[in-house]
Amino acid sequence: MSSQRLTPFELMEKLVSFPTVSRDSNLPLVDWVQDYLESHGIVTHRHYDETKEKAALFAHAGPNIDGGIVLSGHTDVVPVDGQPWDSDPWTVTQRKNKYYGRGVCDMKGFDALAIWAIVEASYSRLTRPLQLALSYDEEVGCLGAPPMIEKMLEVLPKASAVIVGEPSTMLVVTAHKGGIGYATHVVGFEVHSSISHTGVSAIMSGAKIVEWANEVNAANRANQPSQIASMFDPPYTTAHVGMISGGTAHNITAKDCHFSVDFRIVADEKGDDWYEKLMGRVREIEADMKSVRGETYIEVTPRFFVPGLQPEENGEAETLVRQLTGDNGDHVVSYGTEAGQFQHRGYSAVICGPGDIAQAHQPNEFIEISQFESGHQFMKDLLERMEKS
C-alpha cells in the first residue's frame, strides 16, 4: 500500500465497503486499516477473539509516554437484511446534504476521522500521544472492548483520556446507562398437550420470567427516580426480552425455551443487584416446575456486561472535549458504549461523535455532511491542541 494520505471521506468510503456485520468476520477491514497505518510508519497491534475470525486493532502515535488521548470506535455494524434501502448500503452515496451507507453514522464516519487524525498525528510534533482503538462486537454487547483495553494496558503507554465517537451530534455526553444480559434456558418435560398437567412447558414457564420483566418495568416506572436516574430517558432501569425460541410441536409441552433477559441500568445502580432480583424470580418458577417434574430446571448464564458511564468531577476527557466543542450542556444517553468500559479500567472517558443516534441501525442510514465536517474540524482542533499543550 502506498503512503498516500487519504481524506476523511475517502477513508469512510473504504470502511463502509467492508460489510462488517457482527455475525461475520471484520478481518478484511482490520487488514486494510493495519496496512494503511503501517504505510505511514504507525506501529499497530491486534487482539483476536477466540475464533480468530475477528480482531481489535489499536495504535499509538507521538511520544512514547503516558497521558495520551484515545480515539475509540467499533468496526462492526448491524445487518441490512430485510431493510428497504434506496442505494447500495456498502457504498457511500451522497444525496443532497447527506451521506448514506451502513455505518456512516454508527460509527464508521467517526472511525474514518479517527484514522485520519492518527495519520496526521504521525507527521506532527505532538507533546502527548494520540492512540486509536477499534473494537469488534460492540453491537452485540460491547464484547470486544474489554479484552482490547486489557491488551492496550499491557503494550501501550497508559493514556489518560478517551473520546468514544458514538453519534452524539458532536455534543458532550458524560453519562450512559449500563447494560447486562443473561442467556436463559428453560428445560421442561415433554408430554402430549392433552395431559399437560403431567409435564412442564418450558415456554409457559419461561413466559413467567418475561412477565416478571414487564412487572419490573411497571414498578420502576412508578418509583421516584434518583438524581442520577432523572437524567435519563426513561429515568429508571428497564428489563427487556427481545427474542424467544423453543418448542417441538403445537400439541407437545415444550422441552426447551431460550431467550435473553437484558437490563439497561441507571448509573447509580448495580448489575449484581438486578441479577439477584432476576434469580429470585427464577428460583420461584423453577421450584414450581420441579414440583411437577424433578428433572426440569432453568439455566441462567451471563451474556454481556457493560458498566455505566458515570459523570466525572473535573474529568479530563470531559474538560478537553468541552473546550474543543464549546458545548457546556448536560447530555446523557440510555444506550451503553465502550466509554463505561474504559472508565471502569481507570481512564477518564466521554462520548462525542458526529451524527444522530436516531439514524443508527436504520434503512438508508445517513450522516449529515455538516456533521461529518464538524467531526473533521474537531480532529483538526484536537491535533492543534496536542501540539501546543
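What pairs can you find where one residue is in segment 33-54 and free of Cβ contacts under 8 Å to residues at least 24 places away in the same chain, the other is of a type in the set (Lys, Arg) and part of a loop (DSSP other than H, G, I, E, B), and their Cβ atoms are less than 8 Å apart, with a gap of 6+ or different chains?
Close Cβ pairs satisfying both conditions: TYR48/LYS54.
Exactly one of these conditions fails for SER205: (1) outside any strand (DSSP E or B); (2) in contact with a strand residue (DSSP E or B) (Cβ under 8 Å, 6 or more places away or on another chain); (3) open to solvent by less than 30 Å² (accessible area, probe 1.4 Å); (4) under 30 Å from GLY103 (Cα atoms). Give me its number.
Looking at each condition in turn, SER205 falls short on (4).
Hey, can you tell me all the residues within segment 219-247 that are among the small types (Gly, Ala, Ser), modelled with pLDDT of 95 or more and out of contact with any strand residue (DSSP E or B) (no Cβ under 8 Å at 6 or more places or on another chain)?
ALA219, ALA222
Exactly one of (1) part of a loop (DSSP other than H, G, I, E, B); (2) crowded, with 21+ Cβ neighbours inside 10 Å is unmet by HIS361. Its number?
Tallying (1) part of a loop (DSSP other than H, G, I, E, B); (2) crowded, with 21+ Cβ neighbours inside 10 Å, HIS361 fails exactly one: (2).
In segment 140-180, which residue that is within 20 Å of GLY62 (Cβ to Cβ) and part of a loop (DSSP other than H, G, I, E, B) is most open to solvent (accessible area, probe 1.4 Å)?
Once the filter is applied, the top-ranked residue is LYS158.
Being of a type in the set (Val, Ile, Thr) and in contact with a strand residue (DSSP E or B) (Cβ under 8 Å, 6 or more places away or on another chain) is the filter; apply it to segment 311-339 and report the residue that is nearest to ASP381 (Cα to Cα).
VAL321
What is the one condition in (1) surrounded by fewer than 17 Cβ atoms within 10 Å (Cβ to Cβ); (2) at negative phi that LEU29 does not satisfy?
Going through (1) surrounded by fewer than 17 Cβ atoms within 10 Å (Cβ to Cβ); (2) at negative phi one by one, LEU29 breaks only (1).
Which residues, taken from segment 322-341, are in a strand (DSSP E or B) and either hydrophobic (A, V, I, L, M, F, W, C) or open to solvent by less than 40 Å² (accessible area, probe 1.4 Å) (or both)?
Result: VAL332, VAL333.
Within segment 286-312, track down each residue that is touching a Ser or Thr at 6+ places or on another chain (Cβ under 7 Å), open to solvent by 70 Å² or more (accessible area, probe 1.4 Å) and more than 26 Å from VAL140 (Cβ to Cβ).
Within segment 286-312, just LYS290 meets the criteria.
Considering only residues that are more than 21 Å from TYR136 (Cβ to Cβ) and under 14 Å from the mean Cα position of the chain (by Cα), which ones fall in segment 325-349? Even if it seems obvious, please write down each step before you answer.
Filtering segment 325-349 down to residues more than 21 Å from TYR136 (Cβ to Cβ) leaves 325-334, 346, 348.
Across segment 325-349, the qualifying residues are VAL333, SER334.
Please work out which residue is modelled with the highest pLDDT, limiting yourself to segment 100-130 and to residues that are of a type in the set (Lys, Arg) and part of a loop (DSSP other than H, G, I, E, B).
ARG102
The values are calculated or read from the model by the stated rules, or taken from the named source; none is laboratory data. Remember, predicted model here, so these are calculated numbers, not experimental data. Heads up, the Cβs are rebuilt from the backbone with ideal geometry, glycines too, and the neighbour counts pull from every protein chain shown. Heads up: the accessible areas ignore ligands, DNA and RNA and are worked out on the full protein's heavy atoms, side chains in. Shrake-Rupley method; radii C 1.70, N 1.55, O 1.52, S 1.80 Å.
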